[in-house]
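Asker: If you scroll down you'll find the structure; I have some questions about it.
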Amino acid sequence: MKYQTASDWTNAAQKRVLLFAMSGLGKTHVSAMLRDTRDWFHYSIDYRIGTRYMGEYIADNAKAEAMKVPFLRELLLSDSIHIGSNISFDNLTPVSTYLGKPGDRSKGGLALAEYQRRQDQFRRAEIDALRDTPYFIDRAQALYGYPHFVCDTGGSICEWVDANDPADPVLKMLSDSCLMVWIKGSDDHTSDLVQRFDKAPKPMAYEPEFLLAAWNEYLIENKFVEGDVDPDTFIRWTYARALAHRQPRYEAIAKNWGIFVQASDMGSVRDEADFVAVIAQGLAAHS
């Protein structure tokens with residue numbers, strides 16, 4: 001690991017940390033808090049995906065929809081208007097909207113084949129964004145003079161790596177560059193995440209085998225064909241299964257490549273000193 005002991009971490013003049021967990025457990029909140037100190041560079045994987053690796057896909061998809069409207073079509077063809085995404089650290093909606101949901105097209109769903117194509121685009125984009133982490137560590141210090149660095153990952157990091165492979169190239173590169181920290185939620189956190197998702201379901205990225213198994217199970221269980229599937233109902237049905245699928249994967253990453261801290265402890269962080277102390281506590285427990 002990047003830091004072997006709590007004192008290694010506490011005394012480090014340059015702190016490098018990567019946070020991973022399900023969305024909703026505080027990764028972005030604490031990263032933004034650290035960024036506001038002006039001593040930490042906040043590298044958002046989802047922002048990098050949306051601007052560097054999927055920005056063109058997102059813009060082209062919006063243009064394709066606009067081309068269906070005669071008024072907008074003429075303006076686009078004459079280069080009279082510009083269409084792009086207004087993505088930011090606080091608004092990553094263009095990425096999730098592009099990913100979409102599979103199911104009935106009349107309800108905003110995508111054909112499964114198109115959905116799988118976009119999932120694969122996202123997989124490649126997320127891996128590339130993760131691989132950019134060392135570059136941004138160097139860039140943050142050389143260009144901006146930031147002494148510290150926090151990598152704010154997406155919830156799907158565990159879908160594309162093999163935590164039990166000591167030669168996994170992505171995990172090896174990340175653990176060489178940063179202290180990898182899993183924000184571990186409790187059963188109560190899981191219940192809260194499920195309830196929040198049920199109220200406002202949003203697209204997610206899934207391991208291809210998991211997605212196909214869930215899709216086929218859903219069709220069989222409900223005696224549906226593809227066009228019968230309500231997109232929001234399907235991803236609500238899938239969400240709890242996705243949580244259960246990801247939990248052991250996060251745990252394996254923390255066990256083999258980093259540490260974990262409790263989400264309740266991370267939720268109590270109010271400033272940089274609190275954050276440093278919580279990570280030190282996690283390191284001490286891991287030793």
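Asker: So which of SER96, SER106, SER88 is without any contact (Cβ under 8 Å) to a residue 24 or more places away in the chain and either open to solvent by less than 40 Å² (accessible area, probe 1.4 Å) or of a type in the set (Ser, Thr, Tyr) (or both)?
Answerer: When all the criteria are applied, what remains is SER106.
Asker: Further question on the same structure: State all residues of the stretch 5-26 that are open to solvent by 10 Å² or more (accessible area, probe 1.4 Å) and either modelled with pLDDT under 95 or in a helix (DSSP H, G or I) (or both); if no residue qualifies, say none.
Answerer: ALA6, SER7, ASP8, THR10, ASN11, MET22, SER23, GLY24, LEU25, GLY26
Asker: Any idea which residue in the stretch 53-64 is most open to solvent (accessible area, probe 1.4 Å), counting only those that are touching a residue at least 60 places away in the same chain (Cβ under 8 Å) and outside any loop (DSSP other than H, G, I, E, B)?
Answerer: First, the residues of the stretch 53-64 that are touching a residue at least 60 places away in the same chain (Cβ under 8 Å): 53-54, 57.
Add one more test, that the residue is outside any loop (DSSP other than H, G, I, E, B), and what stays is 53, 57.
Numbers: TYR53: 54, TYR57: 82 Å².
Only one residue fits best here, namely TYR57.
Asker: If the requirement is being more than 30 Å from ASP36 (Cβ to Cβ) and either surrounded by 17 or more Cβ atoms within 10 Å (Cβ to Cβ) or acidic (Asp, Glu) (or both), which of these qualifies: ALA242, ALA213, ALA280?
Answerer: Details: ALA213 fails: either surrounded by 17 or more Cβ atoms within 10 Å (Cβ to Cβ) or acidic (Asp, Glu) (or both); ALA280 fails: more than 30 Å from ASP36 (Cβ to Cβ).
Sole residue among the options that is more than 30 Å from ASP36 (Cβ to Cβ) and either surrounded by 17 or more Cβ atoms within 10 Å (Cβ to Cβ) or acidic (Asp, Glu) (or both): ALA242.
Asker: So GLY50 fits all but one of (1) modelled with pLDDT of 95 or more; (2) surrounded by 16 or more Cβ atoms within 10 Å (Cβ to Cβ); (3) part of a loop (DSSP other than H, G, I, E, B); what number is the exception?
Answerer: (3)
Asker: Residue by residue through the stretch 186-210, note down the ones that are more than 25 Å from TYR98 (Cβ to Cβ), part of a loop (DSSP other than H, G, I, E, B) and open to solvent by 60 Å² or more (accessible area, probe 1.4 Å).
Answerer: None - no residue of the stretch 186-210 is more than 25 Å from TYR98 (Cβ to Cβ), part of a loop (DSSP other than H, G, I, E, B) and open to solvent by 60 Å² or more (accessible area, probe 1.4 Å), so the list stays empty.
Asker: Now a separate question. For the stretch 65-85, enumerate the residues that are open to solvent by 50 Å² or more (accessible area, probe 1.4 Å), outside any helix (DSSP H, G or I) and of a type in the set (A, V, I, L, M).
Answerer: If the condition is that a residue be open to solvent by 50 Å² or more (accessible area, probe 1.4 Å), outside any helix (DSSP H, G or I) and of a type in the set (A, V, I, L, M), then MET67, VAL69, ILE81 are the ones that fit.
Asker: Could I ask something else about it? Looking at (1) within 18 Å of the chain's Cα centre (by Cα); (2) over 15 Å from PRO94 (Cα atoms); (3) buried (at least 23 other Cβ atoms within 10 Å of the Cβ), find the lone condition where LEU34 falls short.
Answerer: So LEU34 meets the others, but not (1).
Asker: Same structure again: Scan the stretch 258-277 residue by residue and report those that are part of a helix (DSSP H, G or I), aliphatic (A, V, I, L, M) and open to solvent by less than 50 Å² (accessible area, probe 1.4 Å).
Answerer: Correct list: ALA263, MET266, VAL276.
Asker: Looking at PRO231 and the list (1) in contact with a Pro (Cβ under 7 Å, 6 or more places away or on another chain); (2) without any contact (Cβ under 8 Å) to a residue 40 or more places away in the chain, which single condition is not satisfied?
Answerer: So the condition that PRO231 fails would be (2).
The values are calculated or read from the model by the stated rules, or taken from the named source; none is laboratory data. Everything quoted here is computed from the prediction, not taken from an experiment. Here Cβ is always computed from backbone atoms with ideal geometry, including for glycine, and neighbour counts include all displayed protein chains. Each accessible area value is taken on the protein alone, full model and side chains, heavy atoms only, with ligands, DNA and RNA left out. Shrake-Rupley method; radii C 1.70, N 1.55, O 1.52, S 1.80 Å.
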